[in-house]
Amino acid sequence: MKVRSTGWLPLLAVGPLFAAGIVSGLGISGEAMASEQLERQLDIRPANGTQGQSRDVADQLLRLGSQEAEVGDYDRAIAAWYRAIDIYHALGDGVAAGIAYDYIGLTYAQLSRYHEAEGTLRQRLAVAQDHRDFLGQVHGWNNLGSIFLQRGRWLPAQDAFQAALNIAEDLGDDAGIGLSLSNLGLVAQQQGQLEDARKYYEAAIDYRFRAGDLAGQANSNNNLGAVYGRLGETGAALGAYLVARDAAQQGNDLANWLRALDGLIGLYRDRNDTGDLGQVRRFLNERIALTETAEATPFQRMHSWRHLGQYYQQVGNLPAAREAYEQALGIARQLEDNRQEGVLMNLLGSL
């Protein structure tokens with residue numbers, strides 16, 4: 001099955017590799033830790049030479065699956081990951097098998113195949129429990145909770161994230177505690193419980209800072225900025241987005257960097273002061289430069305054009321606004337993104 005890709009899913013909390021919280025796959029927040037942690041884990045090979053060769057094959061299949069997913073060939077990706085799982089199980093490596101199960105479960109979620117996603121992630125949890133892989137259980141519960149959250153099942157999501165938090169606290173794992181607290185904040189935020197969300201995010205940021213988790217810091221600060229904004233605390237919101245921007249820049253985390261810039265642009269644009277519009281243009285220029293790079297997706301470029309159109313409209317340069325909106329509209333049509341196409345048509349109609 002070949003699926004049009006708008007960029008590889010920013011996965012939620014796949015073992016040691018992904019631990020930034022639940023993210024843009026849900027249209028909420030942003031991405032992943034450095035893959036070097038996975039590389040270190042997968043480099044621990046059994047002493048037996050034959051097992052070492054088998055391990056090489058499994059590791060290659062894990063990476064092959066990621067490559068297939070990058071180009072949108074998810075059936076091939078899932079098949080490669082299952083072949084890797086068979087080898088990892090034969091080698092008795094439940095930790096590596098669990099990571100592959102995470103990939104599969106979250107890919108099913110991206111495809112809106114939620115029943116299969118939930119089943120696969122429950123398998124992942126069972127493997128982690130069988131092998132007494134407590135860190136794997138932290139990530140497994142967080143990923144399962146994220147599937148519940150994506151489906152609007154607030155109570156099961158909260159229970160899953162709380163289970164992850166309990167295990168992470170028993171382990172004394174700062175990264176796992178930060179991830180779980182951030183996800184609990186997201187449950188509260190999605191239910192409009194903004195003060196609870198605020199407390200969860202503020203606590204999560206502290207643990208993510210201790211863990212040196214730049215992607216996690218950026219993600220939680222972006223979420224906190226959104227909560228502060230909804231609470232009317234504009235100064236605090238600007239501060240949270242600036243911290244998110246700095247962490248994302250340090251971690252070369254494009255998705256969270258753009259989220260932070262979008263938060264800053266939106267807040268300054270809403271204040272509609274001459275000096276604030278100068279700040280809008282400053283952060284907008286930064287966003288445009290980032291989305292002109294090869295790493296940026298067409299979706300991200302489309303939003304740069306949309307922001308530019310809104311800026312020109314606000315300063316009264318309507319011909320430039322129209323041109324920017326039309327550029328964004330062209331990309332939306334290429335992506336077959338009907339929702340964004342409708343938004344942009346409305347913006348053009350407002351000129």
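Quick look at the numbers
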quantity	calculated
Any hit, the stretch 269-287, residues being more than 26 Å from residue 70 (Cβ to Cβ) and not in a helix (DSSP H, G or I)	yes
Residues of the stretch 294-351 that turn out to be part of a loop (DSSP other than H, G, I, E, B) and free of Cβ contacts under 8 Å to residues at least 12 places away in the same chain, as a count	3
Index of the failed condition, residue 335 passing every other in (1) touching a Pro at 6+ places or on another chain (Cβ under 7 Å); (2) within 17 Å of residue 241 (Cβ to Cβ)	(2)
Residues that are surrounded by fewer than 22 Cβ atoms within 10 Å (Cβ to Cβ) and outside any helix (DSSP H, G or I), drawn from the stretch 252-263	252
Any hit, the stretch 92-104, residues being of a type outside the set (Ser, Thr, Tyr), outside any helix (DSSP H, G or I), farther than 19 Å from residue 190 by Cβ and over 20 Å from the mean Cα position of the chain (by Cα)	yes
Breaking point among (1) small (Gly, Ala, Ser); (2) surrounded by 15 or more Cβ atoms within 10 Å (Cβ to Cβ); (3) outside any helix (DSSP H, G or I), for residue 266	(3)
Some residue of the stretch 149-157 being within 14 Å of residue 102 (Cβ to Cβ) and either free of Cβ contacts under 8 Å to residues at least 60 places away in the same chain or not in a helix (DSSP H, G or I) (or both)	no
Qualifying positions in the stretch 105-120 - in contact with a Phe, Trp or Tyr (Cβ under 7 Å, 6 or more places away or on another chain) and either in a helix (DSSP H, G or I) or surrounded by 24 or more Cβ atoms within 10 Å (Cβ to Cβ) (or both)	107, 116, 117, 120
One residue from 168, 100, 197 being crowded, with 22+ Cβ neighbours inside 10 Å, more than 26 Å from residue 229 (Cβ to Cβ) and modelled with pLDDT of 95 or more	168
Filtered residues of the stretch 310-350 (kept if on the phi > 0 side of the Ramachandran plot and under 25 Å from the mean Cα position of the chain (by Cα))	336
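Okay, residues lined up against (1) modelled with pLDDT under 95; (2) closer than 20 Å to residue 209 by Cα; (3) of a type outside the set (Gly, Ala, Ser):
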residue	(1), (2), (3)
228	no, yes, yes
240	no, yes, no
248	no, yes, no
264	no, no, yes
275	yes, no, no
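One line per residue, one yes/no per condition, for (1) over 20 Å from the mean Cα position of the chain (by Cα); (2) more than 14 Å from residue 266 (Cα to Cα); (3) outside any helix (DSSP H, G or I):
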position	(1), (2), (3)
189	no, yes, no
195	yes, yes, no
198	no, yes, no
201	no, yes, no
204	no, yes, no
209	no, yes, no
215	no, yes, no
218	no, yes, no
222	no, no, no
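The values are calculated or read from the model by the stated rules, or taken from the named source; none is laboratory data. Source: prediction; values computed, not measured. All Cβ positions, even for glycine, are placed from backbone atoms using ideal geometry, and neighbour counts span all protein chains on display.
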